[in-house]
Amino acid sequence: MTLRSAVEDDIVKTVNTSLTTTVRNDGVIESVPDPAKMGYSQGVYLPSTYLYADMADSSGLVAIAPPDTVARVMKAYLSVSTRIIRANNGHIRSFDGDRVMGIFAGTDRNTRAAKSALQIKWAMNNLVQPAIASQFGSIKKNGWQLKHACGIASGKSLLVRAGFRGSDDMISVGTAPNLAAKLSDIRQDHFTTFIGKGAYDGLNDSAKLSKGVNMWHGPFSYAMGGKTYSYYKSSYRWSV
């Protein structure tokens, strides 16, 4: 098969072939579809909450530290974020450079996503930053600080398997994953967790209040795709 015929075959399998979709409205089951168990023409509509954890200023780190150090810091950020997301019954479905995406389904999915984000902040400030400053002379010398942001949004999204066997991934289509990704790009000093209104409205008091005080400021407006979405932000952290 020539490259052109292979590309044309891909077009037939994607553009010219309709998806067979199912809708999961249980709202209780916390599992998320496994791409390895899905066909390439299958899709699942899933009520879910997305969390993107994005490490900031990796280019600044590259400028002051050797590649080995940069790699180990990025690995620490992604490993710790992933462990926290999984500890709160979130499912990792994508890595993109220095960013990781988790999906939460089922009961209390918004609360578990928010708790994860606040715990990631605590872990970075109290555990990872001291460790890398102690371990790496270039970071200590230049005063580089590990900063990040988490974006959270909730809604019904379409999950499909894309690519081809051995080189595929799960992709999410919908407002929630897009908004969560965009919110994780915001950089506002000590505010590091940003949550869409839908996810905020679904929070339990444990993830909304601290000693009776609302941990979240807002609402604020975010423009995306010709529409405006409301979101809230927090500077709080949650110990692990």
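Would you kindly work out the equivalent ellipsoid of segment 46-189 from its C-alpha gyration tensor and give its semi-axes, the square roots of five times the eigenvalues, largest first in whole Å?
Working: eigenvalues 161, 56, 32 Å².
Listed largest to smallest, the semi-axes of segment 46-189 are 28, 17, 13 Å.
For the chain, what proportion of DSSP beta bridges, expressed in % and rounded to the nearest 5, is antiparallel? All intermediate terms of the calculation are to be shown ahead of the outcome.
Working: 45 of 52 bridges.
Rounded to the nearest five, the antiparallel share is 85 percent.
State the dimensionless ratio Rg/Rh of segment 105-240 (Rg: radius of gyration of Cα atoms; Rh: Kirkwood radius). Walk me through the intermediate numbers first.
Values: Rg = 17.0 Å, Rh = 16.5 Å.
Reported Rg/Rh (Cα atoms, Kirkwood Rh): 1.03.
Per residue and in Å³, how big is the convex hull formed by the alpha-carbon atoms of segment 1-78? Kindly include the intermediate steps, with their values, before the conclusion.
Values: hull volume 15.7 nm³, N = 78.
In segment 1-78, the Cα hull volume divided by residue count equals 201 Å³.
Work out the length of the dipole vector of the chain about its Cα centre, built from +1 on the beta-carbon of each Lys and Arg and -1 on the beta-carbon of each Asp and Glu, and round it to the nearest 20 debye.
Working: 28 positive and 18 negative charges, 114 e Å.
For this selection, approximately 540 debye.
Going by average Cβ neighbours within 10 Å, how do the peptides 114-120, 155-161 rank, with the highest at the top? Before the final figure, lay out the partial values.
Numbers: 114-120: 27.1, 155-161: 20.0.
Per-residue mean Cβ counts within 10 Å order the peptides as 114-120, 155-161.
State, to one decimal in nm, how far the label point of Ile29 lies from the label point of Ala63, with both points 7 Å from Cα in the Cβ direction.
With each label point 7 Å from Cα toward Cβ, the separation is 4.9 nm.
For segment 101-169, give the magnitude of the charge dipole about the Cα centre (Cβ charges: +1 Lys/Arg, -1 Asp/Glu; no others), in debye to the nearest 20. Don't jump to the answer; show the numbers that get you there.
Values: 10 positive and 3 negative charges, 25 e Å.
For this selection, approximately 120 debye.
How large is Rg/Rh for segment 181-240, to two decimals, with Cα atoms and a Kirkwood Rh? Could you put the intermediate results ahead of the total?
Values: Rg = 12.0 Å, Rh = 12.3 Å.
On the Cα set of segment 181-240, Rg over Rh gives 0.98.
Within a 10 angstrom radius of the beta carbon, how do Leu183, Leu61, Leu19 rank from fewest other beta carbons to most?
Values: Leu183 28, Leu61 23, Leu19 13.
Result, fewest neighbours first: Leu19, Leu61, Leu183.
Can you put Tyr229, Tyr45, Tyr50 in order, fewest other beta carbons within 10 Å first? Intermediate results must be reported in sequence, preceding the final value.
Details: Tyr229 20, Tyr45 16, Tyr50 32.
Fewest-to-most ranking of Tyr229, Tyr45, Tyr50: Tyr45, Tyr229, Tyr50.
Which of Lys37, Lys208 comes first, and how do the rest follow, when ranked by fewest Cβ neighbours within 10 Å? Could you put the intermediate results ahead of the total?
Numbers: Lys37 8, Lys208 19.
Fewest to most other Cβ atoms nearby, the residues stand as Lys37, Lys208.
Return the Rg/Rh ratio of segment 94-136 with Cα-based radii and a Kirkwood Rh.
My calculation puts Rg/Rh at 1.11.
Among Lys147/Lys197; Lys140/Lys197; Lys121/Lys211; Lys75/Lys156; Lys37/Lys227, which pairs are too far apart, with a Cα-Cα distance over 28 Å? Could you put the intermediate results ahead of the total?
Working: Lys147/Lys197 24 Å; Lys140/Lys197 39 Å; Lys121/Lys211 19 Å; Lys75/Lys156 31 Å; Lys37/Lys227 35 Å.
From Lys147/Lys197; Lys140/Lys197; Lys121/Lys211; Lys75/Lys156; Lys37/Lys227, over 28 Å: Lys140/Lys197; Lys75/Lys156; Lys37/Lys227.
Sorted from largest down, what three extents in whole angstroms do the Cα atoms of the chain have along their principal axes?
Sorted largest first, the three principal extents are 56, 45, 34 Å.
Bear in mind these aren't lab numbers, they're just calculated from the coordinates by the rules spelled out. These numbers were taken from a predicted model, which means no experiment stands behind them. All Cβ positions, even for glycine, are placed from backbone atoms using ideal geometry, and neighbour counts span all protein chains on display.
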